[in-house]
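Data first, discussion second: the structure below is written as structure tokens.
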Amino acid sequence: MKSLLLAGIMSVTFATASYAQTYWVTGDRSTGQCNVVNSASPPVVYGLPAYAGSGSEYKTSFASGPYKSADDAKLARSGISECPAPPASADDDKKE
């Protein structure tokens, strides 16, 4: 009986952990920008050159992740060569 109870607790723990939100860095082909996406599952990537001229349906060119927090994803985005530097925000000007 104890082993059955332990197995039930472990199953609930693993099921809960699998639904945790993760962050992904995705390349948007239509805008040339990189976005931080909050998703429980990996984004669908259309990385073949045949998709380059297609409509907005096939706009995700690459994905990097998963990351545990938005700050980790933003740090990773700054190190990806395909991602242009994000524009400076008004908050950055206030800090200087």
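The values are calculated or read from the model by the stated rules, or taken from the named source; none is laboratory data. Nothing here was measured: the structure is a model prediction, and the numbers come from that model. We place every Cβ from the backbone using ideal geometry, glycine too, and count neighbours over all the protein chains shown.
Return the residues of segment 25-76 that are touching a helix residue (DSSP H, G or I) at 6+ places or on another chain (Cβ under 7 Å) and at pLDDT 85 or above; say none if nothing qualifies. Show your work before the answer.
Step one: of segment 25-76, the residues touching a helix residue (DSSP H, G or I) at 6+ places or on another chain (Cβ under 7 Å) are 25, 30, 34, 36, 46, 51, 58, 64-65, 67.
The answer is V25, C34, V36, S64, G65, Y67.
Just a yes or no: is a residue in segment 9-21 surrounded by 10 or more Cβ atoms within 10 Å (Cβ to Cβ), more than 20 Å from S78 (Cα to Cα) and at pLDDT 70 or above? Yes, segment 9-21 contains a residue that is surrounded by 10 or more Cβ atoms within 10 Å (Cβ to Cβ), more than 20 Å from S78 (Cα to Cα) and at pLDDT 70 or above.
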